[in-house]
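Just so it is clear, none of the values below were taken in a lab; they were calculated from the coordinates. This one's a predicted model, so the numbers in the text were calculated from it and none came from an experiment. Neighbour counts run over all protein chains shown; Cβ positions are idealised from the backbone, glycine included.
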Amino acid sequence: MDISESLKAAENSIRDTISFVLTKKYGAERPSHSGISEQRLAQWQEKRSAEEKQLGRTDPRIIYYSDFYDLQTLIKKN
């Protein structure tokens, strides 16, 4: 595994942990109660739409379209 794959795996582990905690805390409404702005959520949706157009598939977990610094915001606000 090269460094970029290791970093991606680490980021995704953080995403999974955050998603688990927010789901326990807020349930299905977690994106809107997470502390992330509607503008950032819209950008995540745009990334998801672009991936769907390019690859014909998407990940159902919206947090997987976040930037790394968004994860810091999620952690600080929750």
- Note on the structure: Computed D for the chain, Stokes-Einstein, Kirkwood radius over alpha-carbon pairs, 20 °C, 1.002 mPa s, to the nearest µm² per second, is 162 µm²/s
- Item | Zone residues, the range 1-38, relative to Phe68, backbone N less than 19 Å from point 7 Å out along Cα-to-Cβ | 1-19
- With only Lys, Arg, Asp and Glu charged, each at its Cβ (+1 for the first two, -1 for the last two), find how big the charge dipole of the chain is about the Cα centre; round to the nearest 20 debye. 320 debye
